[in-house]
Structure formats: structure tokens, C-alpha cells
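S.K.: Sharing a structure with you now.
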Amino acid sequence: MTKPHLLTFETYDDWDMTPMAAEYTLYNLPHGASLDTLPAEAFEQVEAFAFKGHEALGPETMDAFPKLGMIANYGVGFDTIDVEYATSKGIKVTNTPDVLTDDVADLALGMIIAASRGIVGASEWIRSGNWANTGAYSVQRKVTSKRFGIVGLGRIGQALAHRLEPLAGEIHYYSRTEKDAPNYVYHDDIVALARAVDILVLTLSGGPATYGMIGAEALNALGSDGLLVNVSRGTTVDEAALLDALEQKTIHSAALDVYLNEPNIDPRFLALDNVLLQPHQSSGTIETRKIMGQLQRDNLAAYFAGKPLLTPVN
């Protein structure tokens, strides 16, 4: 039997590539590569995408493959995919929700502690010889009893809130609608939320509705003692305003796993000593990545078998 033709984006681990190669004839588009690097037969034969890209997937790419009927996204966020256009062309889109909730919440908690206690800097203090030659590392900031604010109390936000409960003096949140969370303080205004807390964590979805949601006004409200943590999308923050706030110390610090223009982040971040940088690795555990890949393949298998998709987004 002829295998269906599948285009993969970016790089997959062997535990994903081996089963995909067994089921499909594969073509690959590496990060940053243009479509014209693909062989001509790919455009004629590809019926589905295994999408793992951080670059925009829009009409031009979709239209280049006349047989395209399915985009299986590797990850919960699908804001880089023009889902509205895909839907208009009858192209199904799936994602991999739920399976990465714990990992993202774990990393957010770790980033809160690492940024507050200066864990990365303290390690470098020893490695550089400063502890022996200069003396003790500078005193840092307490985590327990702080007021935490969560922007977006969905799956990940709730998982983080549960982790913070033993530490928190108070947990506040912003969401489009008030949740059934009587132990948390609801805000219908992000600036008011930022003003009420010491540590503001972003766990909301990306996309046009949340673009630049955290801007200069919210950062000013967070204040010179405030810590901003972002494990959502780089688009949810006005990055220029954040860089200004960090440089001018109108907020104390930030801990970031996501940025605009990944992986080529703004070089201004690299000059700052009050920001903890992570390479968009919130779902980056072996266990979760294997489950994500399996769910992506299960959606592909369902599509080609004519069965209902497991996790459709359109």
C-alpha cells in the first residue's frame, strides 16, 4: 500500500521520526528554510502537515499544497497557524492540549523561585571564583507569603495556582470570566491585578485577542519591586515596554520562557542582569514530548482513517 505523504516542520526526535517514517512518506522543512528547498513532488503529494514550527503558517504555505487537508500541531498553542484560513479551505487543525500542563506549571514555579532567589547568578558566582575571592553572594528576595497574580486561569494557570497555594500570601487572577475559585481574588482589569500583587505570571493563550496585553501601564502598576514571569507567548507582552521597564528598573525583574522573534531574541535582553532567560522549554521533558508526539500522530492516523479527530481546534 502506498504511504500517505506528510510534511514535517523543524526537527523531531528519533522517538517521533521512527514511527512517522513507518507510516508516511516524509518530507521535512527545517527551521528557516523556504518552500523552494522541497522537491517538486512534495507539493503534488503532501496531504498533511506535522507542524512543529514557531514561524507563521499562513495562506501562502497552505495553498502551495493542493491536497493538504490536515495540520497536526505539536503543542497546545496554535496562534502561529492561520486557523481561520485553514477552516475556509476545509483544512482540519489539531493540537496537543492537556499533556503539557504540569510541565509548564512546574517551570513557571521554578522560574519564580530561581528569579527571586538568584539561583542562576549564585551558581555563576561560585564558578567564577567570586565566592572564594570576593565573598558572599548578594542577598535575594523571599518567595513565601508573596502576593501572586495569574493572568489567564485556564488549565495551566489553575495548575500553577495549586502549586503556589502552600507558598502564597494571596493568589489573585485575571480571566475573561470569573472562575469558581473562591479562595482566589478575581480582577476584571489587568492593571488593577498588577497593582495588587508582587509577582505577576502570564499563562494566557496567544493570538490577536491577547497581543500586547501586558503593556507599560500594567508594568508600571506592578512597580519597582515586582517580578514578571511569562510562560505563555511572547506576543502577550509589549516587549519594547518590558525592556524599557527592566532597563529603567521600573519593575524589579522578569523571568521569561517566551519572546518575540524566537529564537533570535532582542539583544537588549542579553545586557540585563535582572532577567532570567529560558529557551522556550516549558514542555521540554522527555516524558511530555513523547506524549505530545504520540497525540500528534494519533490525530494524523485518525484523519487518514476517516475517523473523528482527537483534539480538533476547528
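The values are calculated or read from the model by the stated rules, or taken from the named source; none is laboratory data. Since this is a predicted model, take the numbers as computed values, not measurements. For neighbour counting, all protein chains shown are included, and Cβ atoms are generated from backbone atoms with ideal geometry for every residue, glycine included. These area figures cover heavy atoms from the full protein model, side chains too; ligands, DNA and RNA do not enter into them. Shrake-Rupley method; radii C 1.70, N 1.55, O 1.52, S 1.80 Å.
S.K.: Go through segment 208-251 and give me each residue that's farther than 24 Å from Val185 by Cα, open to solvent by less than 50 Å² (accessible area, probe 1.4 Å), out of contact with any Lys or Arg (no Cβ under 8 Å at 6 or more places or on another chain) and not charged (D, E, K, R).
M.R.: Answer for segment 208-251, where residues must be farther than 24 Å from Val185 by Cα, open to solvent by less than 50 Å² (accessible area, probe 1.4 Å), out of contact with any Lys or Arg (no Cβ under 8 Å at 6 or more places or on another chain) and not charged (D, E, K, R): Gly234, Thr235, Ala241, Leu242, Ala245, Leu246, Thr250.
S.K.: Quick check, is Ser175 loosely packed, with under 15 Cβ neighbours inside 10 Å and in contact (Cβ under 8 Å) with a residue 12 or more places away in the chain?
M.R.: Answer is no for this residue.
S.K.: Given the options Ala50, Ala108, Ala42, name the one that is under 30 Å from Ala218 (Cα atoms) and small (Gly, Ala, Ser).
M.R.: On inspection, the qualifying residue turns out to be Ala108.
S.K.: Find the residue count for segment 17-27, including only residues that are in a helix (DSSP H, G or I) and either open to solvent by 70 Å² or more (accessible area, probe 1.4 Å) or of a type in the set (Ser, Thr, Tyr) (or both).
M.R.: 2
S.K.: Another question, then. Could you please find all residues in segment 28-51 being within 27 Å of the chain's Cα centre (by Cα), outside any loop (DSSP other than H, G, I, E, B) and over 20 Å from Gly75 (Cα atoms)?
M.R.: Correct list: Leu35 only.
S.K.: While we're on this one: Determine, yes or no, whether Asp63 is buried (at least 20 other Cβ atoms within 10 Å of the Cβ) and more than 25 Å from Ala305 (Cβ to Cβ).
M.R.: no
S.K.: Looking at segment 263-286, is at least one residue out of contact with any Asp or Glu (no Cβ under 9 Å at 6 or more places or on another chain), in a loop (DSSP other than H, G, I, E, B), surrounded by fewer than 18 Cβ atoms within 10 Å (Cβ to Cβ) and modelled with pLDDT under 95?
M.R.: Taking every residue of segment 263-286 in turn, at least one turns out to be out of contact with any Asp or Glu (no Cβ under 9 Å at 6 or more places or on another chain), in a loop (DSSP other than H, G, I, E, B), surrounded by fewer than 18 Cβ atoms within 10 Å (Cβ to Cβ) and modelled with pLDDT under 95.
S.K.: Testing Asp98 on (1) surrounded by fewer than 19 Cβ atoms within 10 Å (Cβ to Cβ); (2) touching a residue at least 40 places away in the same chain (Cβ under 8 Å); (3) touching a strand residue (DSSP E or B) at 6+ places or on another chain (Cβ under 9 Å), one condition comes back false. Which one is that?
M.R.: (3)
S.K.: Any residue in segment 237-257 that is closer than 16 Å to Tyr74 by Cβ and in a loop (DSSP other than H, G, I, E, B)?
M.R.: no
S.K.: Something else: Does Thr2 satisfy being among the polar types (S, T, N, Q) and modelled with pLDDT under 95?
M.R.: yes
S.K.: Can Gly135 be described as over 20 Å from Arg233 (Cα atoms), open to solvent by less than 60 Å² (accessible area, probe 1.4 Å) and free of Cβ contacts under 8 Å to residues at least 24 places away in the same chain?
M.R.: Here the answer is yes, as Gly135 does meet what is asked.
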